[in-house]
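Enquirer: Handing you a structure now.
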Number of protein chains: 2
Amino acid sequence: MERKVLVEVSARHVHVSKEHLDILFGKGYELTVKKNLSQPGQYAANERVTVVGPKKELKNVTILGPVRKATQVEISLTDARTIGVIAPIRESGNIEASATCKIVGPAGEVELKEGVIVAKRHIHLTPEDAEKFNVKDKEIVMVKIDTDGRSSILGDVVIRVREDFASAMHIDTDEGNAVGITGETYGTII
Amino acid sequence: MERKVLVEVSARHVHVSKEHLDILFGKGYELTVKKNLSQPGQYAANERVTVVGPKKELKNVTILGPVRKATQVEISLTDARTIGVIAPIRESGNIEASATCKIVGPAGEVELKEGVIVAKRHIHLTPEDAEKFNVKDKEIVMVKIDTDGRSSILGDVVIRVREDFASAMHIDTDEGNAVGITGETYGTII
């Protein structure tokens, strides 16, 4: 049975809380949808912010909506080095004692005490696909990705299963570049 | 038999020809050694240049000495995207019809007509280690690298055997970050 999954490369982005959105864009501001993402209900917003580290800043970082409980900044290890922060490799939502930064919006600034992470590679699966692939939520798998010149097998990939997911593997730009991903690419869970 | 090799992450760098060094730093200028590299005779120079693409520039890019026949700029795919060039994944020295850029030094500028590449991952081996590992020059192998959270097997790794090499695998910063390399790390040829 083919255990193939679409591989999507996530560029750096920010999730914001309602409270922080108020500070960054003004009281009562609402995010506007630029582009829907593969995960149902998730979207890239038109709104952008600057992420400031001790060494440098990253301008025009996309906000992903809708708002979340806690603000979270997801960058690559290349970005982390560029702006001068030590960001841990974590699953989304696991931000306790992660790295700090300043976020600057058109209406104000937020000093983030924690929330800067490098996303751990993962696969979103519907319960149907998880059953079909014979894998469980939280299981760690390896994924083989064949490309022209940088074929790789990525280990330490976390399976995440939820009713409202669309099946797709998410890796960051360092990983996408290391594997040489261009265009639509599928990986095979092995 | 253990086929272990040290994995070294190469940051972006430039190799310059004598002719271009004259333009960038002044007629008759000679590179000065900042730090010797693992490959015998190779060194990071104190001299740095700016690599300029159509979108952005990379400042303070290290020159690796000694001078070579042709100028070559080795950047990551992340860098390529940042500065706005489409750089091919190539073995060092294979620069025909690769990407272009401008290089700026304290004494002058060079419009590079070709020479910007993303280095193909490779392993330098002494003839003794090649024999011990049972691999040949130009052979393509896979290398397993275990790290905390980003263990990977990198394929499409080119073996290069030469008398004056020190045995070491070279990957770029995207690859080093994708594998989560920190500190001294060894890979296993599989």
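Enquirer: Residue-wise, which Karplus ³J(HN,Hα) couplings in Hz belong to the stretch A:60-77, taking 6.51 cos²θ - 1.76 cosθ + 1.60, θ = phi - 60°, and x for glycine or proline?
Expert: Couplings: 6, 7, 5, 8, 9, x, x, 4, 10, 5, 10, 6, 9, 10, 10, 10, 8, 5 Hz.
Enquirer: Just in the stretch A:20-120: which GluC sites (Glu not before Pro) are loop by DSSP and have at most 13 other Cβ atoms within 10 Å? Please list the in-between numbers first.
Expert: On the way: sites: A:Glu30, A:Glu47, A:Glu57, A:Glu74, A:Glu91, A:Glu96, A:Glu109, A:Glu111, A:Glu114; in loops: A:Glu30, A:Glu91, A:Glu96.
Filter output for the stretch A:20-120: A:Glu30, A:Glu96.
Enquirer: May I ask you to report, in nm to one decimal and beginning with the shortest, the distances from A:Pro40 to the same position in the other copies, taking label points 7 Å along Cα-to-Cβ?
Expert: Taking the point 7 Å beyond Cα along Cα→Cβ, the inter-copy spacings are 6.4 nm.
Enquirer: While we're on this one: List, in order, the whole-Hz ³J(HN,Hα) value for each residue of the stretch B:172-182 obtained from phi through the Karplus relation with A = 6.51, B = -1.76, C = 1.60 and θ = phi - 60°; use x for Gly and Pro.
Expert: For the stretch B:172-182, the Karplus-derived couplings read 8, 5, 4, 5, x, 6, 5, 8, x, 6, 9 Hz, x marking Gly and Pro.
Enquirer: Got the B:Glu163 label distances to the other copies yet, label 7 Å along Cα→Cβ, in nm, shortest first?
Expert: Relative to the other copies, B:Glu163 has label-point distances of 7.2 nm.
Enquirer: Could you work out the local net charge near B:Pro106, counting Lys and Arg as +1, Asp and Glu as -1, over the other residues with Cβ closer than 10 Å to its Cβ?
Expert: Counting the neighbours of B:Pro106, the net charge comes to 0.
Enquirer: Taking 22 Å as R0, compute the FRET efficiency from the Cβ-Cβ separation of B:Glu184 and A:Lys56 and round it to 0.05.
Expert: 0.20
Enquirer: Top mean-square fluctuation among B:Asp79, B:Asp174, B:Asp156, Gaussian network model of chain B, C-alpha springs under 10 Å?
Expert: Maximum fluctuation in the GNM of chain B, among the listed residues, is at B:Asp156.
Enquirer: Per 0.36 nm of contour for each residue apart, how much would the distance between A:Glu111 and A:Ala11 grow if the chain were fully extended, relative to their Cα-Cα spacing?
Expert: Additional length available on full extension: 33.8 nm.
Enquirer: Which residue, chosen from A:Val61, A:Asn94, A:Val110, occupies the Cα position most advanced towards the positive end of the dipole of chain A, where the dipole is computed from +1 (Lys, Arg) and -1 (Asp, Glu) charges on Cβ about the Cα centre?
Expert: Highest projection toward the positive end goes to A:Val110.
Enquirer: So what's the stretch B:1-111 giving for Cα Rg divided by 2.2 N^0.38 Å, two decimals? List each step's numbers first, then the result.
Expert: Values: Rg = 14.6 Å, N = 111, 2.2 N^0.38 = 13.2 Å.
Normalised Rg, Cα atoms only: 1.11.
Enquirer: For the stretch A:57-163, what does the relative contact order come out to in percent, with C-alpha contacts under 8 Å and a separation of six or more?
Expert: Working: 164 pairs, mean separation 23.5, N = 107.
The normalised contact order for the stretch A:57-163 reaches 22 percent.
Enquirer: How high is the relative contact order of chain A? Use alpha-carbon pairs under 8 Å, at least six apart in sequence, and give a whole percent.
Expert: After rounding, I find 27 percent.
Enquirer: Taking only the C-alpha atoms, wrap a convex hull around chain A and report its volume per residue in Å³ as a whole number. Working shown, then result.
Expert: Numbers: hull volume 21.8 nm³, N = 190.
Dividing the Cα hull volume of chain A by its residue count gives 115 Å³.
Enquirer: When you look at the Cβ of every residue in B:140-149, what mean number of other chain Cβ atoms sits within 10 Å?
Expert: Mean inter-chain Cβ contacts per residue within 10 Å come to 2.
Enquirer: Among the trypsin sites (Lys or Arg not before Pro) in the stretch A:65-98, which ones are in a DSSP loop with at most 16 other Cβ atoms within 10 Å of the Cβ? Mind listing them? Intermediate values should be presented prior to the final figure.
Expert: Details: sites: A:Arg68, A:Lys69, A:Arg81, A:Arg90; in loops: A:Lys69.
Counting only loop positions with at most 16 other Cβ atoms within 10 Å, the trypsin sites (Lys or Arg not before Pro) in the stretch A:65-98 are A:Lys69.
Enquirer: Among the trypsin sites (Lys or Arg not before Pro) within the stretch A:129-171, which fall in a DSSP loop and have no more than 15 other Cβ atoms within 10 Å of their own Cβ?
Expert: A:Lys136, A:Lys138, A:Arg162
Enquirer: If each of B:Ile86 and B:Lys27 carries a label point 7 Å out from its Cα toward its Cβ, how far apart are those two points in nm?
Expert: Calculated label separation equals 4.1 nm.
Enquirer: Here's a follow-up. In this model, which of A:Lys56/A:Lys138; B:Lys59/B:Lys120; B:Lys55/B:Lys144 are farther than 26 Å apart at the alpha-carbon?
Expert: A:Lys56/A:Lys138; B:Lys55/B:Lys144
Enquirer: According to a simple spin-label model (label point 7 Å from Cα along Cα-to-Cβ), what is the distance in nm between B:Lys34 and A:Lys18?
Expert: 5.1
Enquirer: Counting only helical runs of four or more DSSP H residues, what would the 222 nm mean residue ellipticity of the protein assembly as shown come to if each run contributes -39,500 (n - 2.57) and the total is spread over all its residues? Numbers along the way, then the final one.
Expert: Details: 8 runs with 56 residues, N = 380.
Calculated at 222 nm, the ellipticity per residue is -3500 deg cm²/dmol.
Enquirer: Defining the label point at 7 Å along Cα→Cβ, can you sort the distances from B:Lys27 to the same site in each other copy, shortest first, in nm?
Expert: In nanometres, ordered from closest: 7.0.
Enquirer: Just to be sure I understand: if I project the alpha-carbon convex hull of the protein assembly as shown onto a plane and average over all orientations, what area do I get in nm²?
Expert: Projected area, direction-averaged: 20.3 nm².
Enquirer: Normalising by the residue count of the stretch A:129-190, find the relative contact order in percent from Cα pairs under 8 Å and 6+ residues apart.
Expert: Once divided by the residue count of the stretch A:129-190, the mean separation gives 40 percent.
No lab work stands behind these numbers, since they all come straight from the coordinates. Bear in mind that the values here come from a model prediction, so they are computed numbers and not experimental data. So basically every Cβ, Gly included, is an ideal-geometry build from the backbone, and we count neighbours across all protein chains shown.
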